[in-house]
Structure formats: C-alpha cells, structure tokens
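Asks: Quick one: the structure is below, questions incoming.
The values are calculated or read from the model by the stated rules, or taken from the named source; none is laboratory data. Remember, it's a predicted structure, so these values are computed and weren't measured experimentally. No Cβ is skipped: glycine too gets one built from the backbone with ideal geometry, and neighbour counts run over all protein chains shown. With ligands, DNA and RNA removed, areas are computed over all heavy atoms of the protein, side chains included. Shrake-Rupley method; radii C 1.70, N 1.55, O 1.52, S 1.80 Å.
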Amino acid sequence: MRLQNKKILVTAAAQGIGRASALAFAEEGAEVIATDINFDKLKELSGTKGITVKKLDVTKVSEIEELSREIGRVDVLFNVAGWVAHGSVLDCNEEIWDRSMEINVKSMFLTIRCFLPSMISHGKGNIINMSSVASSRKGTLLRCAYQTSKAAVVGLTKSISADFCSKGIRCNCIQPGTIDTPSLRDRIASNSEMDPEESMKMFQARSPIGRFGKAEEVAKLAVFLASDESDFIHGTEMVIDGAWSA
Ligand code: NAD
C-alpha cells in the first residue's frame with residue numbers, strides 16, 4: 001500500500017503503459033482516475049477496485065478543465081498520452097509535426113497548467129511526464145517529429161521542477177526504451193516499408209539484452225516515482241531501456 005491516500009490522474013490509460021500503471025497504482029492503494037480518448041477500451045478498467053474511468057482527450061483544454069472541476073486536486077498527475085510518427089525530417093510534413101507536438105507535449109502543458117495551481121496551494125504535488133529514450137537521450141532512426149517532441153518533454157519537466165520544487169512540487173519524466181505494447185505491435189504490422197519480421201528484428205536489435213520491456217516494468221517505475229519513496233528525485237529523466245542507451 002505504497003500509494004495509500006494518493007489521488008492519481010493517469011492519461012492514456014486504456015492500453016499499454018498507462019493501463020498497466022493505472023492497475024499498479026490501484027494495487028498500491030491509490031485512488032486512480034484513469035482517462036483516455038478511447039472510452040470503449042478504457043471501460044474495460046471500470047469495476048476495478050480503486051479505479052474510476054473518465055473520457056479525456058488531452059488535446060482539448062475544455063475537457064481537461066471540466067475534468068479538473070469534477071475531480072479537484074490530485075496528488076499525482078501522470079501524463080502518458082503519446083503518438084509515434086514514423087519517418088525522418090524529410091518524410092515529415094507540417095501536419096505530422098504539429099500533431100506530434102500537440103499530443104506529445106502541448107497536452108502536458110495543458111494538463112499541468114490546469115492541475116498545478118491546486119498542488120501549489122496544497123504545498124505538495126507530483127507530476128510525472130512520459131518522455132522516451134528517443135528524445136534528447138539518443139538519436140533514433142526515423143523518429144524525427146516524435147523524438148523532437150519527447151526531447152521537449154524533458155525541457156518541460158526540468159522547467160516545472162526549477163520553477164516549483166521550492167513549493168513542494170516534484171516533476172520527473174520517464175524514458176522507456178522499446179516496450180511491448182499494442183501500439184508497438186500495430187507499428188510493426190503496419191510499416192509499409194518493412195516486412196513485419198524485418199521490422200521486429202530492427203526493434204529487437206535496439207536492445208542489447210535481447211528483449212522488449214514490458215508495460216508492467218515501466219508501471220513499477222511509475223509506482224516508485226508516484227510514491228514518497230522517491231521524494232528526493234526532482235527534475236530528472238528516469239531511463240528504463242534494457243541498456244539501449246547505455
Ligand atoms: P499506446 O500507444 O499503446 O497507447 C496510447 C494510448 O493513448 C491509447 O490508449 C490511445 O487511445 C491514447 N491516446 C491517443 N491520443 C490521445 C488523446 N488525444 N487523448 C487521450 N488519450 C489519447 O501506449 P504505449 O505504447 O504504452 O505508450 C504510452 C506512452 O509511452 C506514450 O507517450 C509513448 O510515446 C511512450 N513510450 C512508449 C514506448 C513503447 O515502446 N511503447 C517507448 C517509449 C515511450
């Protein structure tokens with residue numbers, strides 16, 4: 001019960017890392033508000049002890065504000081929502097660039113602006129943002145817009161920490177390597193430039209330890225960051241990547 005008496009908001013909790021984290025938080029005694037744009041999928045979590053499900057599109061400020069009026073202050077905000085665009089800078093157009101920035105980083109700016117003031121008034125709060133090894137940590141093939149947006153998440157994280165750590169706010173980000181989630185499987189299946197077997201080999205080759213990570217492994221790190229056990233960890237990137245960036 002490492003998260004007892006903590007109210008935690010998770011974005012993109014319908015599948016993958018967000019879902020595994022919502023379940024892990026609830027198992028540790030947290031009151032979890034699990035949100036996602038895909039409410040049909042998210043509903044699979046309803047009925048789980050400790051979890052309330054709410055539809056939320058993280059790009060819509062009106063929906064974020066409505067949710068905040070409904071649920072009030074949260075102890076932990078876990079910004080998970082993200083979208084992977086494939087391609088180099090020459091494959092990227094303005095639409096892909098803007099969408100990457102909107103879902104992967106502007107969404108965090110919006111949720112943080114909404115939930116941070118009540119954390120400051122309370123004198124304590126914890127924000128965890130989902131970055132990636134594909135960010136300022138490591139140049140990654142064919143991830144131009146994604147990588148740029150995930151590097152911006154690092155900047156946002158450090159900025160929040162610098163401005164508000166003295167007010168009791170912690171802000172850190174997580175940088176996973178390749179994690180076996182539904183969207184990874186979709187990307188492998190739908191890559192028109194590579195056959196699925198070749199694509200799978202490319203992803204596996206990233207990891208010197210020879211396997212993908214599991215969403216549950218990232219969830220364990222999220223539990224640690226959400227708990228008071230990590231109280232001295234501020235403004236940093238927590239890498240979980242099977243030695244990809246080592
Ligand atoms: P996923 O891609 O399998 O699922 C993404 C979820 O985000 C879906 O449930 C989707 O409905 C939701 N979503 C999409 N747009 C949304 C919006 N506008 N508002 C709210 N929800 C929205 O999840 P994943 O692979 O576990 O990735 C989760 C996060 O971790 C992402 O930010 C991703 O970039 C990051 N990440 C993933 C990996 C990986 O290998 N899977 C590696 C590094 C970082």
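Asks: Can you give the Kirkwood hydrodynamic radius for segment 68-163, in Å, rounded to one decimal and based on Cα pairs?
Replies: Answer for segment 68-163: a Kirkwood hydrodynamic radius of 14.1 Å.
Asks: Turning to a different aspect of this structure: Take residue 2, project a point 7 Å from its Cα along the Cβ direction, then tell me which residues of segment 63-91 have their backbone nitrogen under 16 Å from it.
Replies: Residues 76 fall inside that zone.
Asks: If Rh is defined by the Kirkwood formula over all Cα pairs and Rg also comes from Cα, what ratio Rg/Rh do you get for segment 1-146?
Replies: Taking Rg over the Kirkwood Rh, I get 1.00.
Asks: Note the full-extension length gain between residue 99 and residue 203 as 0.36 nm times their separation in residues minus their Cα-Cα distance, in nm to one decimal.
Replies: 35.1 nm
Asks: Related question: For the chain, take the longest principal axis of its alpha carbons; what is the angle in degrees between that and the long axis of helix 144-164, to the nearest 10 within 0 to 90?
Replies: That works out to roughly 20 degrees.
Asks: Can I ask one more? Over segment 121-199, one equal point on each Cα, no solvent: what is log10 I(q)/I(0) by the Debye formula at q = 0.14, 0.18, 0.20, 0.22 Å⁻¹?
Replies: -0.58, -0.80, -0.90, -1.00
Asks: When the accessible area of segment 158-246 is computed with all protein chains present and a 1.4 Å probe, what percentage of it is carbon and sulfur?
Replies: Carbon and sulfur atoms account for 54 percent of the accessible area of segment 158-246.
Asks: Right, something else. For the chain, what is the calculated [θ] at 222 nm in deg cm²/dmol (nearest 500), taking -39500 (n - 2.57) for each run of four or more DSSP H residues and dividing by its residue count?
Replies: Taking each H run of at least 4 residues, the total per residue is -13000 deg cm²/dmol.
Asks: What whole-number value in Å² describes the accessible area per residue of segment 113-246 for a 1.4 Å probe?
Replies: Value for segment 113-246: 46 Å² per residue.
Asks: A further question follows. Whole number in Å², please: accessible area per residue of segment 1-45, 1.4 Å probe, ligands, DNA and RNA not counted.
Replies: 41
Asks: Taking Rh as the Kirkwood radius, which is the inverse of the mean 1/r over Cα pairs, what is the Rg/Rh value for the chain?
Replies: My calculation puts Rg/Rh at 0.95.
Asks: Can you pull the percent of segment 1-113's accessible area that's carbon plus sulfur, 1.4 Å probe, other chains left in place?
Replies: 48
Asks: Please compare each pair in 138/201; 41/214; 55/150; 150/220; 167/214 to a cut-off of 30 Å on the Cα-Cα distance and tell me which ones are over it.
Replies: In this structure, 167/214 exceed 30 Å between Cα atoms.
Asks: Work out the P(r) tail for segment 172-222: percent of alpha carbon pairs separated by more than 15 Å, whole number.
Replies: 50
Asks: Can you give me the long-range amide H partners of residue 87? Hydrogens built in the peptide plane at 1.01 Å from N, cutoff under 5 Å, separation of 5 or more residues or another chain.
Replies: Amide H neighbours of residue 87: 143, 144.
Asks: What is the magnitude of the charge dipole of the chain about its Cα centre, with +1 placed on the Cβ of each Lys and Arg, -1 on the Cβ of each Asp and Glu, and no other charges, expressed in debye to the nearest 20?
Replies: About 540 debye.
Asks: Next question. How many percent of Cα pairs in segment 74-122 exceed 13 Å?
Replies: 62
Asks: Once the piece of chain linking residue 122 and residue 224 is laid out straight, how much longer is it, given 0.36 nm per residue of separation minus the C-alpha distance between them?
Replies: 34.6 nm
Asks: Rule-of-thumb check for segment 32-88: C-alpha Rg over 2.2 N^0.38 Å?
Replies: Segment 32-88 yields a ratio of 1.27.
Asks: How many percent of all Cα-Cα pairs in segment 7-66 sit more than 14 Å apart?
Replies: Summing the P(r) of segment 7-66 above 14 Å gives 46 percent of all pairs.
Asks: What length, rounded to one decimal in nm, is gained on full extension from residue 185 through to residue 38, with 0.36 nm per residue of separation minus their alpha-carbon distance?
Replies: 51.1 nm
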